[in-house]
Amino acid sequence: MSPKLLVVDDDKSIREVVEISLEDDWNIVTASSGAEALEKAGPEKPDLILLDRMMPGMDGVETLKHLRENPETMNIPVIFLTAKVQSQEIAAYGSLDVLGVLSKPFDPMTLSDEIAALLKKTNNEKA
(Lines give C-alpha, C1' and ligand atoms only; values in the text may rest on other atoms or scores of the structure.)
Protein backbone atom coordinates (compact mmCIF):
# COMPACT_ATOMS: atom_id res chain seq x y z
CA MET A 1 0.00 0.00 0.00
CA SER A 2 1.22 3.49 -0.83
CA PRO A 3 2.22 5.87 1.94
CA LYS A 4 -0.31 8.58 2.76
CA LEU A 5 0.35 12.27 2.03
CA LEU A 6 -1.73 15.14 3.40
CA VAL A 7 -1.54 18.11 1.01
CA VAL A 8 -2.52 21.40 2.66
CA ASP A 9 -2.96 24.44 0.40
CA ASP A 10 -5.64 27.10 0.12
CA ASP A 11 -5.22 27.11 -3.68
CA LYS A 12 -7.35 24.36 -5.24
CA SER A 13 -5.26 24.28 -8.43
CA ILE A 14 -2.08 23.66 -6.41
CA ARG A 15 -3.76 20.79 -4.54
CA GLU A 16 -4.90 19.30 -7.85
CA VAL A 17 -1.46 19.56 -9.50
CA VAL A 18 0.23 17.99 -6.46
CA GLU A 19 -2.36 15.21 -6.43
CA ILE A 20 -1.90 14.44 -10.13
CA SER A 21 1.91 14.64 -9.79
CA LEU A 22 2.11 12.27 -6.84
CA GLU A 23 -0.87 9.92 -7.17
CA ASP A 24 1.27 7.05 -8.51
CA ASP A 25 3.49 7.06 -5.39
CA TRP A 26 1.21 8.34 -2.64
CA ASN A 27 -2.31 7.94 -1.30
CA ILE A 28 -3.34 11.64 -1.32
CA VAL A 29 -5.59 13.39 1.20
CA THR A 30 -6.15 17.13 0.80
CA ALA A 31 -7.05 20.03 3.05
CA SER A 32 -7.75 23.62 2.01
CA SER A 33 -6.80 25.30 5.30
CA GLY A 34 -4.72 24.87 8.43
CA ALA A 35 -7.86 24.16 10.46
CA GLU A 36 -8.95 21.43 8.04
CA ALA A 37 -5.43 19.97 8.14
CA LEU A 38 -5.60 19.72 11.93
CA GLU A 39 -9.00 18.01 11.68
CA LYS A 40 -7.73 15.45 9.16
CA ALA A 41 -4.17 14.79 10.36
CA GLY A 42 -5.10 12.79 13.47
CA PRO A 43 -7.70 10.45 11.95
CA GLU A 44 -5.93 10.08 8.59
CA LYS A 45 -2.47 9.47 10.12
CA PRO A 46 -0.51 10.62 7.05
CA ASP A 47 3.09 9.52 6.58
CA LEU A 48 3.97 13.05 5.42
CA ILE A 49 2.35 16.49 5.29
CA LEU A 50 3.04 18.92 2.45
CA LEU A 51 2.07 22.26 4.01
CA ASP A 52 1.55 25.62 2.33
CA ARG A 53 3.35 28.37 4.23
CA MET A 54 0.99 31.25 3.38
CA MET A 55 -2.73 30.66 3.92
CA PRO A 56 -5.48 32.94 5.17
CA GLY A 57 -6.54 32.40 8.76
CA MET A 58 -4.09 29.88 10.17
CA ASP A 59 -0.81 29.99 8.20
CA GLY A 60 1.60 27.09 7.78
CA VAL A 61 3.80 28.02 10.75
CA GLU A 62 0.82 28.19 13.11
CA THR A 63 -0.57 24.93 11.69
CA LEU A 64 2.81 23.29 12.26
CA LYS A 65 2.85 24.54 15.86
CA HIS A 66 -0.53 22.91 16.50
CA LEU A 67 0.54 19.68 14.79
CA ARG A 68 3.62 19.50 17.05
CA GLU A 69 1.55 20.13 20.21
CA ASN A 70 -0.80 17.19 19.50
CA PRO A 71 0.57 13.76 20.56
CA GLU A 72 -1.31 12.16 17.63
CA THR A 73 0.42 14.33 15.01
CA MET A 74 3.63 15.52 16.66
CA ASN A 75 5.89 13.05 14.82
CA ILE A 76 4.44 13.37 11.32
CA PRO A 77 7.13 14.77 8.99
CA VAL A 78 6.25 18.11 7.38
CA ILE A 79 7.59 19.77 4.23
CA PHE A 80 6.71 23.42 3.56
CA LEU A 81 5.53 24.30 0.07
CA THR A 82 5.94 28.04 -0.36
CA ALA A 83 6.68 30.96 -2.64
CA LYS A 84 8.62 32.59 0.23
CA VAL A 85 12.07 31.21 -0.48
CA GLN A 86 14.40 34.17 0.04
CA SER A 87 17.59 33.22 1.89
CA GLN A 88 16.50 34.83 5.19
CA GLU A 89 13.16 33.00 5.00
CA ILE A 90 14.88 29.68 4.30
CA ALA A 91 17.12 30.32 7.33
CA ALA A 92 14.04 30.94 9.49
CA TYR A 93 12.51 27.64 8.35
CA GLY A 94 15.65 25.90 9.62
CA SER A 95 14.61 26.69 13.19
CA LEU A 96 11.26 24.97 12.65
CA ASP A 97 10.70 21.24 12.89
CA VAL A 98 10.30 20.57 9.15
CA LEU A 99 12.06 18.19 6.75
CA GLY A 100 12.61 20.94 4.25
CA VAL A 101 11.11 23.54 1.95
CA LEU A 102 9.94 23.16 -1.64
CA SER A 103 9.41 26.32 -3.63
CA LYS A 104 6.40 27.42 -5.62
CA PRO A 105 6.10 27.30 -8.48
CA PHE A 106 7.32 23.71 -8.53
CA ASP A 107 7.92 21.31 -11.40
CA PRO A 108 5.19 18.64 -11.29
CA MET A 109 7.51 16.26 -13.15
CA THR A 110 10.18 16.37 -10.42
CA LEU A 111 8.02 16.89 -7.32
CA SER A 112 8.04 13.20 -6.35
CA ASP A 113 11.84 13.06 -6.66
CA GLU A 114 12.27 16.23 -4.60
CA ILE A 115 10.11 14.83 -1.80
CA ALA A 116 11.95 11.50 -1.95
CA ALA A 117 15.29 13.31 -1.69
CA LEU A 118 14.17 15.21 1.44
CA LEU A 119 12.88 11.99 3.02
CA LYS A 120 16.11 10.14 2.16
CA LYS A 121 18.27 12.97 3.53
CA THR A 122 16.33 12.91 6.79
CA ASN A 123 16.51 9.13 7.05
CA ASN A 124 20.28 9.24 6.45
CA GLU A 125 20.70 11.89 9.16
CA LYS A 126 18.80 9.72 11.64
CA ALA A 127 20.85 6.62 10.82
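The values are calculated or read from the model by the stated rules, or taken from the named source; none is laboratory data. Computed from a predicted structure; not experimentally measured. Glycine gets a Cβ as well: all are built from the backbone with ideal geometry, and neighbour counts include every protein chain shown.
Can we say Leu50 is of a type outside the set (D, E, K, R) and closer than 23 Å to Glu114 by Cα?
yes
Out of Lys40, Lys4, report the one residue that is of a type in the set (Lys, Arg), farther than 16 Å from Leu81 by Cα and touching a Pro at 6+ places or on another chain (Cβ under 6 Å).
The match here is Lys4.
When the residues of segment 9-67 are filtered to those that are assigned to a strand (DSSP E or B) and within 18 Å of Gly100 (Cα to Cα), which remaining residue is nearest to the chain's Cα centre (by Cα)?
For segment 9-67, the residue satisfying everything is Leu50.
Six or more apart or on different chains, Cβ under 9 Å: which pairs go from a residue in segment 97-113 that's over 15 Å from Val7 (Cα atoms) and touching a residue at least 60 places away in the same chain (Cβ under 8 Å) to one that's surrounded by 15 or more Cβ atoms within 10 Å (Cβ to Cβ) and not acidic (Asp, Glu)? Could you list them?
Listed by first residue and then by second, the contacts come to Met109/Ser21.
Exactly one of (1) under 21 Å from Pro3 (Cα atoms); (2) at pLDDT 95 or above is unmet by Leu118. Its number?
(2)
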